Structure formats: C-alpha cells, structure tokens
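S.K.: Attaching a single structure in structure tokens format; questions to follow.
Each value in this text was obtained by applying a stated rule to the coordinates, not by laboratory testing. No experiment lies behind these values; they were computed from the predicted model shown. Neighbour counts run over all protein chains shown; Cβ positions are idealised from the backbone, glycine included.
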Amino acid sequence: MQSGIYVALSSQMALERRLTTIADNLANVNTTGFRGTEVKFDQVLSNTENKLNAKVAFVSQGNDYLSVENGELQNTGNLFDFAVKGDAWFGLNTPAGLVLTRDGRFTMNESGALVSVRGFPIVDPGGAPIQLDPSGGAPTVASNGTIAQNGKVMGQIGLYNADVGKGFLRYQNSGILPTDTPQSVIDRSNVGVAQGYLENSNVNGMREMTNLIEVSRAFDNISTLTSSSEGTLTDAIKTLGGSQ
C-alpha cells in the first residue's frame, strides 16, 4: 500500500479547507468590521508498516484563527458610526448570547435603544443594553466610550476582549461568538472608541486572490501526482501478477 497516496489526500483536504477560507475572505472584502480567517496546519507523523519503521508526515485538517490586523478606519461623519481603536470589540446582546463585533454601524430605535445595523442592542461594560433619550438627538461619544446627549451622560459603550484562539463561531453583523467568555476591558489606556468612523474589512483582496491562485495550482499539482502514483501502482500490480 502506498503511503504517498494518503499523504497526497491529506494535502488535498487541507488545501480544500484553505480554499474555503479564502473564498469566505474574498466574499467579505467589503464587509464593515470583518476579520479575515486564516488556517494553521500541523504535521502529523505516522509509523508505516515496514521493516525500517519509517515515519510518514501527513497534513492535519487545520485549525481556523482570526487575523489580528486592524482594518483601515474610514471617516463617515455619521454620529451613529463608531470604530474600535486598538485590540477590543463592541458587545452585542443577541439570542445566542454576547457576540463580539468590530462593525460599528449603530442607530437609535424608536424606544431610544442603541442597536446594531441588524437590530441587536449594544451593551455597556456591565453587559446591559444602552438606553438613550429617543427625543435627545444624536449622542456625542468620548474616546473612552462615554455617551452623552445634550450634555447629560447616558452611559458608556462597552469594549470587550476574549481569547478567540480557543475557538469561535461566525455570527451576524461581522460578529464572532467566542468559546472563551468575553471580558469587559477595564484598562482603556490602549483602546477606545472613534465616533464618525467605521473600520473596513482587514481582508487584502489582492493578497487573497494571489493565495487563491497559489492554492488552486497546488491542488491541481497534487491531483496530477496522485493520478500518476495510482497509475504506477496499477502497472506494478499487473507486472507482478503476470498480467499483460
């Protein structure tokens, strides 16, 4: 049995996963606050059944992780647009729990609640929804997230952190639902809120297109190698079996 075929198959599975993440990144190259997905692949060693007890290296299926690069900030001039400065996230109160997002396209609904573009309440540092005066007009927000209307402090926009390296699921509003429990950021010396700005996707379209071409070529090369290896094995069986 040729271990090379199984090595090639493991490589194809890994490349297929990488193609999926690249396609997802390209689809969200213009999505506000989107963080691109990368994949980390590990080498898996296996002992082959032969007298030399040789080890064959396979490729794991890979683990997804989020790119930590910040997207470019775009000045919109809209007082209900916000961007996170630094390594933190806004918090959304959703049916799935506390979701983290970098998409700061907020608005105030008829009851005065500050909500996301999909209608999820924005939460304060304690996890409570932020309530504004529906007749108070657009708020002013300081860099520390403090919200005021007509000179009256109405609350503070919460900023959160979580170890997304432990796992996460994608959610609406460019959000993520981390496996690790999000924690409110207490020390805001290195993070803040910028009013009138939005963060663009951190996906580099040209780089992802280059990655897509490279991965597609690698997939094709491995497919060709696999077919050639199978043909060699078939010919060997025919020769050893005396078949013409």
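S.K.: Calculate, in nm to one decimal, what Ala138 and Thr179 gain on full extension: separation in residues at 0.36 nm each, minus their alpha carbon distance.
M.R.: Between Ala138 and Thr179, full extension yields an extra 11.3 nm.
S.K.: Can you list the aspartates and glutamates whose alpha carbon is less than 14 Å from that of Lys40, not counting same-chain residues fewer than 8 positions off?
M.R.: Within the straight-line limit of under 14 Å, Lys40 reaches these aspartates and glutamates: Glu16, Asp64.
S.K.: Working out 0.36 nm times the residue gap between Ser216 and Val68, then minus their Cα-Cα distance, what length gain in nm do you get to one decimal?
M.R.: Separation in residues times 0.36 nm, less the Cα-Cα distance, equals 50.8 nm.
S.K.: Right, next: Compute the signed sum of charges (Lys and Arg +1, Asp and Glu -1) over the other residues within less than 10 Å, Cβ to Cβ, of Leu92.
M.R.: Residues close to Leu92 contribute a combined charge of 0.
S.K.: Label points 7 Å out from Cα along the Cβ direction at Lys166 and Ala148: separation in nm?
M.R.: Distance between the two pseudo-spin positions: 3.8 nm.
S.K.: Quick check: pseudo-label points 7 Å beyond the Cα along Cα→Cβ at Asn109 and Asn190, how many nm apart are they?
M.R.: 3.6
S.K.: Just to confirm my numbers, what's the Cα centroid distance between segment 61-108 and segment 162-215 in Å?
M.R.: Centre-to-centre (Cα) distance: 6 Å.
S.K.: Per 0.36 nm of contour for each residue apart, how much would the distance between Thr224 and Met206 grow if the chain were fully extended, relative to their Cα-Cα spacing?
M.R.: Gain on stretching Thr224 to Met206: 3.7 nm.
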